[in-house]
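Below: one structure, written as structure tokens.
Here, each number is a calculation from the coordinates, and none is a lab measurement. Just so it is clear, the model here is predicted, and its values are computed rather than measured. For neighbour counting, all protein chains shown are included, and Cβ atoms are generated from backbone atoms with ideal geometry for every residue, glycine included.
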Amino acid sequence: MRFKLIMALVDSGETESVLAAGRRSGATGATIVTGCRGEGLEPQQTFLGLRLTGQRDILLFLVEEHMSRAVLEGIATAGAFEEKSGTGIAFQIAIEDAVGLSHQIAEIKHEIEDQI
């Protein structure tokens, strides 16, 4: 079985909706890294040396390769990544090898068989 890592960088207020969209699209779970900071096209504004930006979270979804595009599109829609600048980004990376997934692989096999 081949896997992809989908990384989504979102405003912390959107984390739960993006996570739910990932699950609806086929992800069996995610790891969330909180309290990140980022900067896009527009430089961050400061006031008396303090940054006026909200917190961001990184969501890491390890998904089966055949389901990765559906998960990527689902979280992009939930996060409105294409509709509004600065809402977040998501991308996928091929995974060469992984361990610790035996319980999830059994569930993923059932989902893939249903789709075929």
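Tabulated values for the structure
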quantity	calculated
Label-point separation, Thr77 to Ala98 (7 Å along Cα→Cβ), nm	2.2 nm
Potential lengthening between Met1 and Arg24 on full extension [0.36 nm per residue; Cα-Cα distance subtracted]	6.2 nm
